[in-house]
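Novice: Pasting a structure below so you can have a look.
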Amino acid sequence: MTVTGSSYRIPAPLSGVGRELLDLLPGLVEAARTTPPLAVVHRLPPDRQDALARLSEAGAGSPELARLGSAAARLRALRAAARAARTCPACGFDGLDGPPYLAFEGLPQDGAAPLVPPYAVAFGDPSGTRCPCCGYGFGLDDDPADGSPPVTFEAWGARWRARGRPWSDPARRPSGSDPATGVHGG
Ligand SMILES: [Zn+2]
């Protein structure tokens, strides 16, 4: 499959790149002449962004296409990082208003040393807010001001799941999620 344009060329084979994306490419390349590549790709559906990023990884095509591809890959990485930083470490809800701790970028991967409260030691200043889903208080439940024992993410999450995953702030429940059990299926 080869598509040519006035100044770019996409060599075959392009596994996983849909016909729809190929049809879109001439317009995208044209738009990228006058608009920053990130701005061109950021409105594309995620699957198209993935396909563009793969195009770039394959080293396919022209410099214009390569710029679009690296913009798509960068956007994808930034979005994943932003999502990880706003994912509750106790319940997995990924819609926190901001990072629960100043330097929080998601929980450490398996194999890292276990975290011990207070979590400010690992992640910096806590937000002092509560997760709208499970209700964990960042800097509140891991470092209680009244001297009561700290509660770990794991213990809080387990207790919350055992209670049937009730929303701490039902007004924040995304539409379409199960009212009784929150957003998390598994
Ligand atoms: Zn939570």
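The values are calculated or read from the model by the stated rules, or taken from the named source; none is laboratory data. Remember, it's a predicted structure, so these values are computed and weren't measured experimentally. As a convention, Cβ positions derive from the backbone with ideal geometry for all residues, glycine included, and neighbour counts pool all protein chains shown.
Novice: Quick check: anything in segment 114-128 in contact with a strand residue (DSSP E or B) (Cβ under 9 Å, 6 or more places away or on another chain), within 13 Å of the ligand (Cβ to nearest atom) and either hydroxyl-bearing (Ser, Thr, Tyr) or in the same structural domain as residue 98 (by TED's automatic domain parsing) (or both)?
Specialist: yes
Novice: Condition first: more than 15 Å from the ligand (Cβ to nearest atom) and in a helix (DSSP H, G or I). Can you find one or more residues in segment 96-104 that meet it?
Specialist: Within segment 96-104 (the criterion being more than 15 Å from the ligand (Cβ to nearest atom) and in a helix (DSSP H, G or I)), the answer is no, since none of the residues qualifies.
Novice: A further question follows. Restricting attention to segment 71-110, report how many residues are among the polar types (S, T, N, Q) and at pLDDT 90 or above.
Specialist: Total meeting the criteria: 1.
Novice: Restricting attention to segment 123-144, which residues are outside any loop (DSSP other than H, G, I, E, B) and either free of Cβ contacts under 8 Å to residues at least 12 places away in the same chain or over 13 Å from residue 89 (Cα atoms) (or both)?
Specialist: 137
Novice: Separate question: Do any helices (runs of 4 or more DSSP H) entirely within segment 17-88 hold 1 or more residues that are among the acidic types (Asp, Glu), and if so, which?
Specialist: Passing ranges, in order: 19-31, 46-57, 63-85.
Novice: Which members of segment 78-123 meet the condition of being polar (S, T, N, Q) and within 23 Å of residue 149 (Cβ to Cβ)? If you could, list the steps in order and put the result at the bottom.
Specialist: Start the filter on segment 78-123 by keeping residues that are polar (S, T, N, Q), which leaves 87, 109.
Scanning segment 78-123 gives no hits.
Novice: Run down 145, 81 and say which single residue is more than 16 Å from the ligand (Cβ to nearest atom) and farther than 30 Å from residue 53 by Cβ. Walk me through how you get there before you give the answer.
Specialist: Details: 81 fails: farther than 30 Å from residue 53 by Cβ.
After applying the criteria, what remains is 145.
Novice: Any idea which residue in segment 103-131 is nearest to residue 141 (Cα to Cα), counting only those that are of a type outside the set (Gly, Ala, Ser) and loosely packed, with under 14 Cβ neighbours inside 10 Å? Outline the logic, then answer.
Specialist: Looking only at segment 103-131, we keep the residues that are of a type outside the set (Gly, Ala, Ser), and these are 104-105, 107-110, 114-119, 121, 123, 125-126, 129-131.
So of that shortlist, the ones also loosely packed, with under 14 Cβ neighbours inside 10 Å come out as 105, 108-110, 114, 116, 121, 125.
Details: 105: 19, 108: 20, 109: 23, 110: 23, 114: 17, 116: 12, 121: 14, 125: 14 Å.
Step by step, filter segment 103-131, then rank; the result is 116.
Novice: Take the conditions of a type in the set (Gly, Ala, Ser) and within 12 Å of the ligand (Cβ to nearest atom) and apply them to residue 135. Does it pass?
Specialist: Values: of a type in the set (Gly, Ala, Ser): yes; within 12 Å of the ligand (Cβ to nearest atom): yes.
For residue 135, the condition - of a type in the set (Gly, Ala, Ser) and within 12 Å of the ligand (Cβ to nearest atom) - is met.
Novice: Tally time: how many residues in segment 33-68 are touching a Lys or Arg at 6+ places or on another chain (Cβ under 8 Å), surrounded by 20 or more Cβ atoms within 10 Å (Cβ to Cβ) and either small (Gly, Ala, Ser) or within 27 Å of residue 109 (Cα to Cα) (or both)?
Specialist: 3
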